[in-house]
Amino acid sequence: LLPVVAAVAMLASPAARAQFFSSTGDNSSFPVNLFPINPASPVLNFTGNGVGIANSGTASFTASNGGVLLADKLSIAINGTGVGGVTVTGAGTQVNLSGASATNGNRLEVGNWGIGSLSVTGGAVVDASQNAAGCFAPGVSCNSYIGNAAGSSGVLNISGAGSTVS
């Protein structure tokens with residue numbers, strides 16, 4: 001009987017941890033760099049920081065499975081040489097952008113001097129409209145751009161019931 005119990009115990013393995021985020025390539029946050037990230041964390045709280053995907057090279061970032069990213073801004077494909085994409089997918093998955101300052105600038109930039117894409121699918125939400133009152137202070141910019149600057153390319157794809165970008 002003892003060998004059978006040992007065999008059953010060997011077959012049982014710890015439950016796999018869900019992966020909520022993935023990040024590859026030239027990604028960072030600013031003014032404090034919080035990368036690399038923990039892909040198994042259900043919430044990435046970057047409040048007070050902007051998130052830059054494909055800063056000067058090629059990169060990607062994905063939020064899925066109900067993961068929540070909190071940040072002041074999201075900028076995809078930066079500095080003229082950035083080529084990157086962000087995917088936000090699945091019901092309950094959120095990217096909430098709430099920054100409002102003269103120094104942190106725009107909230108959502110897709111193709112910000114580079115070639116960028118943002119895909120929001122499967123009921124996911126990207127909300128750049130939070131903390132709207134903060135956008136009315138003198139000198140504060142809370143804009144969003146798709147293809148910002150000459151030579152830039154930005155693509156925004158939204159598909160699936162409940163998927164929104166605001």
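Could you please find all residues in the stretch 44-94 being open to solvent by 10 Å² or more (accessible area, probe 1.4 Å), touching a Ser or Thr at 6+ places or on another chain (Cβ under 6 Å) and among the β-branched types (Val, Ile, Thr)?
Thr62, Thr81, Val83, Thr87, Thr89
Tally the residues that are over 13 Å from the mean Cα position of the chain (by Cα) and open to solvent by 30 Å² or more (accessible area, probe 1.4 Å), restricting the search to the stretch 102-120.
Residues meeting the conditions: 4.
Looking only at residues in the stretch 125-150 that are small (Gly, Ala, Ser) and closer than 20 Å to Val86 by Cβ, which one is least open to solvent (accessible area, probe 1.4 Å)? Reasoning before the result, please.
First pass over the stretch 125-150, keeping only residues small (Gly, Ala, Ser): 128-129, 132-134, 137, 139, 141, 144, 147, 149-150.
Subsequent filtering for residues that are closer than 20 Å to Val86 by Cβ retains 128-129, 144, 147, 149.
On the way: Ala128: 10, Ser129: 62, Ser144: 66, Gly147: 31, Ala149: 32 Å².
Going through the qualifying residues, I end up with Ala128.
What pairs can you find where one residue is in the stretch 114-130 and in contact (Cβ under 8 Å) with a residue 60 or more places away in the chain, the other is hydroxyl-bearing (Ser, Thr, Tyr) and crowded, with 23+ Cβ neighbours inside 10 Å, and their Cβ atoms are less than 8 Å apart, with a gap of 6+ or different chains?
Ala124/Thr93
Can you name the residue in the stretch 136-166 that is among the hydrophobic types (A, V, I, L, M, F, W, C) and farther than 21 Å from Gly52 by Cα and is also modelled with the highest pLDDT among such residues?
First, the residues of the stretch 136-166 that are among the hydrophobic types (A, V, I, L, M, F, W, C): 136-137, 140, 142, 146, 149-150, 155-156, 158, 161, 165.
If we keep only those that are farther than 21 Å from Gly52 by Cα too, we end up with 136-137, 161.
Values: Phe136: 81, Ala137: 80, Ala161: 97.
This residue is Ala161.
To keep it simple, each residue is scored yes or no on (1) at pLDDT 95 or above; (2) under 17 Å from Val126 (Cα atoms); (3) not aromatic (Phe, Trp, Tyr).
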| residue | (1), (2), (3) |
| --- | --- |
| Ala15 | no, no, yes |
| Thr24 | yes, no, yes |
| Pro31 | no, no, yes |
| Leu44 | yes, yes, yes |
| Ala59 | yes, no, yes |
| Leu70 | yes, yes, yes |
| Val88 | yes, yes, yes |
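The values are calculated or read from the model by the stated rules, or taken from the named source; none is laboratory data. Predicted model, so just to flag it, every value in this text is computed and none were measured. Quick reminder, even Gly has a Cβ in these numbers, built from the backbone with ideal geometry, and neighbours come from all protein chains shown. The protein model used for the area step is the full one, side chains on, heavy atoms only, and it has no ligands, DNA or RNA in it. Shrake-Rupley method; radii C 1.70, N 1.55, O 1.52, S 1.80 Å.
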